[in-house]
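Encoded as structure tokens, the structure appears first; notes follow it.
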Amino acid sequence: MRHRLTVPSAAAAFLLLAVPASAAEATPGAPGIGDSYYPDYGNGGYDVSHYDLRLTYQPPTDRLEGTATVVATATQDLSRFNLDFALEVREVLVGGKKAAFATSGDHELEITPAAPIDSGRPFTVVVRYRGTPSKVQVKGYTAWLRTPDGGVAANEPEAAWWWFPSNDHPLDKATYDVSVAVPDGTQAISNGTLQSTTSRLGWTRYSWRSNRPQATYLATLAVGKFDITTDTTANGLPVINAYSKDLGDNAGAARASVERTAEVADWLSGVFGPYPFNALGGYVPNVGTSYALETQTRPFYSPRQFANGSNVSVVVHELAHQWYGDSVSVKDWRDIWVNEGFARYAQWLWSEKEGEGTAQELADYVYAQHPAEDAFWTVEPGDPGPDNQFHAAVYDRGAIALQALRNEVGDEDFFAILKGWPTERRYGNGSVRDFEAYAEKVSGRPLGALFDTWLFTASKPSAPAARANGIRAGGGADAGAGAAPRPKSWRAIHATDTVHGSR
Ligand SMILES: [Zn+2]
């Protein structure tokens, strides 16, 4: 490959020609994108713009095979680069030419193209692969969920390794075409809009398109026997929901919850601004897990979320993530509060709207419920550590932080902030400190002390500190749960606490 001669002056061009050939300058892309919790997640040296996945899946054997075409642009002179992947690779081509490849680490696929790739140059990688994802263990587990009639990829932060090669980090978003052939009578569910279904020789191919920037962990695939419902929102967006035919006693409650998706998304638009994507829905496969996940445009719900009857609160949580988590994603996994604090607070706002307890009452209750010696307070929601990334404190203390912010800046500025952030950062990323700076900008107030108190202190904020932020702390920081009455919505919200307890 040749350097593009974009250097303006002849002297500079001469210097460029005088240096060694690009093969000597090009270096390997980093095996990680630089995440503080997961140093080997994602990769350096390139940026993906599109994934095209053309797959075949056989439910009886859990056999997945196919071809991924990854469209990317080099961000350095690359002698070699990595994708994150765990299945068996049969062949790799870069720019149509066979490339050498090797595996390393837990999930690294190292690709050496026939010639180095210049910085700024677009390139295309074709990876042919196959495997039995439920049998492939990385770090001692598989994120692929096997069901009696198929399998599901939905997990956080690891999910993609078991079904497509990727730059596996929310910093590198891309669009997706996911086309999966399954035996007739079986369905394949993914993100976005269903472009076509075609049937031939006993196989049906489902072709899905997700054409807004999407993080790798938010890409999902579910194969199984589903009842699919379709509808259109008042604004004309397609709604596609899918329910396993085998949900048993949970079938009614699952529908009574997930069928309210359009209503909930419409309500959330009033809180967070216009819905950021062009499709919506949800799916409930017959998995034995208990969590739910905000997979883009089409959240995943475990049947167990509906074991006690309908639970609209979990639908509120996952749809809130479409703004906070999906459209605006973490910069680094330590920023998980910008996802979970807001999704939990949306559940509190829904409770407020439904007359089942205000967000203030829920904040007061959570504060009183956990005595000072409770380990709950040792987790800092603003930087919980990888082992506590999905700890209840990230959700509940994280939501108290938002109530404290609301009390500090007043409803007008608070709701302007909630709407403004997803608009300003749409399809991008943001950190906890970025949000703090944004809230300071909108409100014109210094907020460092408030954020430090609720997100970056490894102990229970004192009663005076809580009261200063409008949290009703009764007889001191040790006041028991009796100090604040339990809001009616608490049970349903608490039942969603397994939301990301994924493994
Ligand atoms: Zn969540």
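For the structure I just gave you, tell me whether E352 is acidic (D, E) and within 14 Å of the ligand (Cβ to nearest atom). Considered against the rule, which asks whether it is acidic (D, E) and within 14 Å of the ligand (Cβ to nearest atom), E352 comes out as no. Could you check the stretch 391-442 and list, in sequence order, the residues that are among the small types (G, A, S) and assigned to a helix (DSSP H, G or I)? A392, A393, G398, A399, A401, A404, G410, A416, G420, A437, A439, listed by residue number. For the stretch 242-261, a tally of residues being assigned to a helix (DSSP H, G or I) and surrounded by 20 or more Cβ atoms within 10 Å (Cβ to Cβ) returns 5. Taken together, the criteria exclude T193 from residues that are assigned by TED's automatic domain parsing to the domain that holds Y37, surrounded by fewer than 20 Cβ atoms within 10 Å (Cβ to Cβ), in contact (Cβ under 8 Å) with a residue 40 or more places away in the chain and of a type in the set (V, I, T).
So that you can scan it fast, the table gives a plain yes or no per residue for (1) assigned to a loop (DSSP other than H, G, I, E, B); (2) modelled with pLDDT of 95 or more; (3) touching a Phe, Trp or Tyr at 6+ places or on another chain (Cβ under 7 Å); (4) assigned by TED's automatic domain parsing to the domain that holds T103:
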site: T124; (1), (2), (3), (4): no, yes, no, yes
site: R128; (1), (2), (3), (4): no, yes, no, yes
site: S134; (1), (2), (3), (4): no, yes, yes, yes
site: L145; (1), (2), (3), (4): no, yes, no, yes
site: G151; (1), (2), (3), (4): no, yes, yes, yes
site: E158; (1), (2), (3), (4): yes, yes, no, yes
site: W161; (1), (2), (3), (4): no, yes, yes, yes
site: F164; (1), (2), (3), (4): yes, yes, yes, yes
site: H169; (1), (2), (3), (4): yes, yes, yes, yes
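Among the residues making up the stretch 31-73, those that are β-branched (V, I, T) and within 22 Å of S119 (Cα to Cα) are I33, V48, T69, V70, V71, T73.
When the stretch 389-408 is limited to residues that are of a type in the set (S, T, N, Q) and either within 18 Å of A375 (Cβ to Cβ) or surrounded by 24 or more Cβ atoms within 10 Å (Cβ to Cβ) (or both), the one that is nearest to the ligand (Cβ to nearest atom) turns out to be Q389. Residues in the stretch 186-211 that are over 17 Å from Y283 (Cβ atoms), within 23 Å of the chain's Cα centre (by Cα) and among the aromatic types (F, W, Y): there are none. Within the set D452, D413, the sole residue that is of a type in the set (D, E, K, R), surrounded by fewer than 16 Cβ atoms within 10 Å (Cβ to Cβ) and more than 23 Å from the chain's Cα centre (by Cα) turns out to be D452.
Can you pull out every residue in the stretch 288-347 that is hydroxyl-bearing (S, T, Y), away from the ligand (no atom under 11 Å from the Cβ) and surrounded by fewer than 24 Cβ atoms within 10 Å (Cβ to Cβ)? The answer is T289, S290, S310. Residue check: is Y367 within 14 Å of the ligand (Cβ to nearest atom), closer than 29 Å to A484 by Cβ and of a type outside the set (A, V, I, L, M, F, W, C)? Against the criterion (within 14 Å of the ligand (Cβ to nearest atom), closer than 29 Å to A484 by Cβ and of a type outside the set (A, V, I, L, M, F, W, C)), Y367 does not qualify. Considering the stretch 144-180, and only residues there that are aliphatic (A, V, I, L, M) and surrounded by fewer than 24 Cβ atoms within 10 Å (Cβ to Cβ), the residue that is nearest to H391 (Cα to Cα) turns out to be L171. Of everything in the stretch 276-287 that is of a type in the set (A, V, I, L, M, F, W, C) and in contact (Cβ under 8 Å) with a residue 60 or more places away in the chain, the residue that is farthest from the ligand (Cβ to nearest atom) is A279.
The values are calculated or read from the model by the stated rules, or taken from the named source; none is laboratory data. As the structure is a computational prediction, the values presented were derived from the model and not from experiment. Every residue, glycine among them, receives a Cβ derived from its backbone with ideal geometry; neighbour counts consider all protein chains shown.
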